[in-house]
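The values are calculated or read from the model by the stated rules, or taken from the named source; none is laboratory data. Treat the numbers as computed from the prediction; the structure is a model and nothing was measured. Please note: Cβ atoms are built from the backbone with ideal geometry, for glycine as well, and neighbour counts cover all protein chains shown.
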Amino acid sequence: MKPLIVGLGEILWDCLPEGKKLGGAPANFAFHSCLFGADSVAISAIGNDELGDEILRELDEKGLNYLLPRVEQETGTVQVTLDSEGIPSYEIKTGVAWDNIPFSTEIKQLAEKCDCVCFGSLAQRSELSRNTIREFLKHTLQKCLKIFDINLRQQFYTKEIIHDNLLACNVLKINDEELEIVSEMFGFFNLSVEDKCRRLLEQYHLDMIILTCGVNGSYVFSPDQKNFMETPKVEVADTVGAGDSFTGAFAASILAGKTIREAHQLAVKVSAYICTQKGAMHNYKE
């Protein structure tokens, strides 16, 4: 039986220099976990507009299941600019559909049977979507893999939201820049990268921390393990969605019974490939 994996939060159009690409970290995560055999579902909200129609058409073409209620706000967009190394910066429109994800019976039913859910801080900038994410997490089974992909963007996070979500998750996905922000926020001064992660593991009783450090490799820490992988050298088109592909491949592999090291190896390979492509969702399994 296929594991049920949910990406819960924003879905949107990344407006890149060459045109718009479907994105949003939880939706990207769901798409990549689907490629590795999971029964994956993207949960968000879209507007009653052409951009919303286009999202449904594209997800149907990609074969990704979804639960996307249509709301009165417009479908979300993000203006993406790339630096000379393909590293993105984002201008994220506010007051959009994914800020208004309503909790429903259908969402509750998915929560009660899902094996893994990935959620971030961005969709929790609004009270309605934040409450929906919290309600979803309350209804998950104890065995559920609850991945908090912290995904700090612009000013759309607070210490309270981060703290609450660290209490609610059992796996933290974070990058090196975000680790510095969180460490300063929580007073973890003069500690090594590993010691900062160990402090978070212990303080929040986490099963794992996934730490990505761009070209400097990635780590997976658990209470009794430390796994490091180098980042492959590739010709980078852009890094949009690379972290989401990493997390999706990793989660699907863990649920398929792979070891942390095996899952980590696959995640590194997948995210390196996504860096060679423009945009976040590419079917490399065909």
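Between residues in region 30-45 that are in contact (Cβ under 8 Å) with a residue 24 or more places away in the chain and closer than 22 Å to Gln73 by Cβ and residues that are hydroxyl-bearing (Ser, Thr, Tyr) and surrounded by fewer than 24 Cβ atoms within 10 Å (Cβ to Cβ), which pairs lie under 6 Å by C-beta distance while being six or more apart or on different chains?
Filtered contacts from region 30-45: Ala42/Tyr66.
Give region 42-58 a look and list any residue that's surrounded by fewer than 24 Cβ atoms within 10 Å (Cβ to Cβ), outside any helix (DSSP H, G or I), touching a strand residue (DSSP E or B) at 6+ places or on another chain (Cβ under 8 Å) and not polar (S, T, N, Q), or say none.
Restricting attention to region 42-58, the residues satisfying the condition of being surrounded by fewer than 24 Cβ atoms within 10 Å (Cβ to Cβ) are 47-54, 56-58.
Going one step further and asking which of them are outside any helix (DSSP H, G or I), we end up with 47-49.
Restricting the remaining residues to those that are touching a strand residue (DSSP E or B) at 6+ places or on another chain (Cβ under 8 Å) gives 47-48.
Gly47, the sole residue that qualifies.
May I ask you to list the residues in region 80-99 that are in contact (Cβ under 8 Å) with a residue 24 or more places away in the chain, assigned to a strand (DSSP E or B) and polar (S, T, N, Q)?
Thr81
Test Ser33 against the stated conditions and say whether it is among the hydroxyl-bearing types (Ser, Thr, Tyr), within 26 Å of Leu128 (Cβ to Cβ) and part of a helix (DSSP H, G or I). Spell out the reasoning first.
On the way: among the hydroxyl-bearing types (Ser, Thr, Tyr): yes; within 26 Å of Leu128 (Cβ to Cβ): yes; part of a helix (DSSP H, G or I): yes.
Spelling it out, Ser33 is indeed among the hydroxyl-bearing types (Ser, Thr, Tyr), within 26 Å of Leu128 (Cβ to Cβ) and part of a helix (DSSP H, G or I).
Restricting the first residue to region 261-276 and requiring it to be within 22 Å of Ala237 (Cα to Cα), which pairs with a second residue that is in a helix (DSSP H, G or I) and β-branched (Val, Ile, Thr) meet a Cβ separation below 9 Å and a spacing of at least six or different chains?
Sorted first by the residue in region 261-276, then by its partner, the pairs are Ala267/Thr247; Ser271/Thr247.
Scanning region 59-71 for residues that are outside any helix (DSSP H, G or I) and not basic (Lys, Arg), which turns out modelled with the lowest pLDDT?
To start, the set of residues in region 59-71 that are outside any helix (DSSP H, G or I) comprises 63-71.
In the following step, the residues that additionally are not basic (Lys, Arg) were identified as 63-69, 71.
Details: Gly63: 92, Leu64: 95, Asn65: 96, Tyr66: 97, Leu67: 98, Leu68: 98, Pro69: 97, Val71: 98.
Selected residue: Gly63.
Scan Leu145, Leu141, Leu122, Leu191 and give me the residue that is more than 19 Å from Leu12 (Cα to Cα) and surrounded by 18 or more Cβ atoms within 10 Å (Cβ to Cβ).
Of Leu145, Leu141, Leu122, Leu191, the one residue that is more than 19 Å from Leu12 (Cα to Cα) and surrounded by 18 or more Cβ atoms within 10 Å (Cβ to Cβ) is Leu145.
From the residues in region 102-117 that are in a loop (DSSP other than H, G, I, E, B) and without any contact (Cβ under 8 Å) to a residue 60 or more places away in the chain, which one is surrounded by the fewest Cβ atoms within 10 Å (Cβ to Cβ)?
As a first pass, look at region 102-117 and keep what is in a loop (DSSP other than H, G, I, E, B): 102-104, 114-115.
Those left that are additionally without any contact (Cβ under 8 Å) to a residue 60 or more places away in the chain: 102-104.
Details: Pro102: 12, Phe103: 17, Ser104: 14.
Looking at residues that are in a loop (DSSP other than H, G, I, E, B) and without any contact (Cβ under 8 Å) to a residue 60 or more places away in the chain, I get Pro102.
Working carefully through the options Ala237, Ala252, Ala272, find the one that is buried (at least 23 other Cβ atoms within 10 Å of the Cβ) and either not acidic (Asp, Glu) or not in a loop (DSSP other than H, G, I, E, B) (or both).
Values: Ala237 fails: buried (at least 23 other Cβ atoms within 10 Å of the Cβ); Ala272 fails: buried (at least 23 other Cβ atoms within 10 Å of the Cβ).
Of the residues listed, the single one that is buried (at least 23 other Cβ atoms within 10 Å of the Cβ) and either not acidic (Asp, Glu) or not in a loop (DSSP other than H, G, I, E, B) (or both) is Ala252.
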